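Participant: Can you keep this structure in mind? I'll have questions shortly.
What follows is calculated from the coordinates using simple rules that are stated; it is not laboratory data. Bear in mind the structure is a predicted one, so any value in this text is a computation, not a measurement. Every residue, glycine as well, gets a Cβ built from its backbone with ideal geometry; the counts of neighbours run over all protein chains shown.
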Amino acid sequence: MTDTVPSDDQRNERRDIRTAMAEERMATVGIDEASIERLVRTFYGKIMKDDVLGPIFGRAIADWEPHLRKMMDFWSSIALLTQRYDGRPMPVHISLGLEPQHFERWLGLFRETAHELFPPDGAAFLIGKAENIARSFQMGIQFFTVPKKG
Ligand code: HEM
């Protein structure tokens, strides 16, 4: 039996099918483009006002709207498999000098927002993804941070 390489059209069709299936599944737990936009706007609204995280974001972001759009693309790619986000978030987070308590605070606000806006299954899905990504950022930070000489 010979394997044939799928054409671009076939690949796009498969991707569209995967996206449609993800959209259908996610709709049952309250996740769609509109609720992702609400999540991003509400969550970063809290971040901006946070005493600890607000200044970290404030130093890095001059214009919030493009960042919010990027984060909507990010969550749309994760939950709805739309592939709209194709960035590399790890280097950004390694360069910010983040500590474990920053991640706990970020996750605390994220969990709170997800529970406010989504049914329990939808919130659990989003929180699980955020926790995994936060863990992988922290592993990257640990790996690339040179210990201070004591
Ligand atoms: C301590 C927690 C965190 C802090 C303080 C933080 C801070 C930031 C800041 C300041 C930026 C903008 C950087 C820039 O444009 O120069 C950024 C970008 C981003 N963050 Fe975070 N972040 C945190 C955790 C997370 C987590 C847990 C996720 C994922 C669930 C995440 C996903 C992203 C993504 C996707 C970007 C866009 C990167 C790009 O430019 O492609 N962040 N973050």
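Participant: With the requirement that a residue be closer than 19 Å to Arg135 by Cα, touching a residue at least 12 places away in the same chain (Cβ under 8 Å) and near the ligand (Cβ under 9 Å from one of its atoms), what does the stretch 57-89 give you?
Facilitator: Met71, Phe74, Trp75, Ile78, Gly87, Pro89, listed by residue number.
Participant: Now for a separate question. Can you tell me which residue within the stretch 81-105, out of those that are within 12 Å of the chain's Cα centre (by Cα) and not in a loop (DSSP other than H, G, I, E, B), is nearest to Thr28 (Cα to Cα)?
Facilitator: Checked the stretch 81-105; the qualifying residue nearest to Thr28 (Cα to Cα) is Pro89.
Participant: Further, regarding this structure: Could you list, in sequence order, the residues of the stretch 25-43 that are outside any helix (DSSP H, G or I) and of a type in the set (D, E, K, R)?
Facilitator: Of everything in the stretch 25-43, just one residue is outside any helix (DSSP H, G or I) and of a type in the set (D, E, K, R), namely Asp32.
Participant: With respect to Ala27, determine if the residue is exposed (fewer than 12 other Cβ atoms within 10 Å of the Cβ), within 22 Å of Ala124 (Cβ to Cβ) and either out of contact with any helix residue (DSSP H, G or I) (no Cβ under 7 Å at 6 or more places or on another chain) or free of Cβ contacts under 8 Å to residues at least 24 places away in the same chain (or both).
Facilitator: no
Participant: Tell me which residues, restricted to the stretch 30-56, are more than 30 Å from Gly97 (Cα to Cα), more than 16 Å from the ligand (Cβ to nearest atom) and in contact (Cβ under 8 Å) with a residue 24 or more places away in the chain.
Facilitator: Matches in the stretch 30-56: Gly30, Asp32, Glu33, Ser35.
Participant: Given the condition within 20 Å of the chain's Cα centre (by Cα), over 19 Å from Leu107 (Cα atoms), within 16 Å of the ligand (Cβ to nearest atom) and β-branched (Val, Ile, Thr), answer yes or no: does some residue in the stretch 13-29 qualify?
Facilitator: No, every residue in the stretch 13-29 fails to be within 20 Å of the chain's Cα centre (by Cα), over 19 Å from Leu107 (Cα atoms), within 16 Å of the ligand (Cβ to nearest atom) and β-branched (Val, Ile, Thr).
Participant: Could you please give the count of residues in the stretch 106-136 that are assigned to a loop (DSSP other than H, G, I, E, B) and without any contact (Cβ under 8 Å) to a residue 40 or more places away in the chain?
Facilitator: Total satisfying the criteria: 0.
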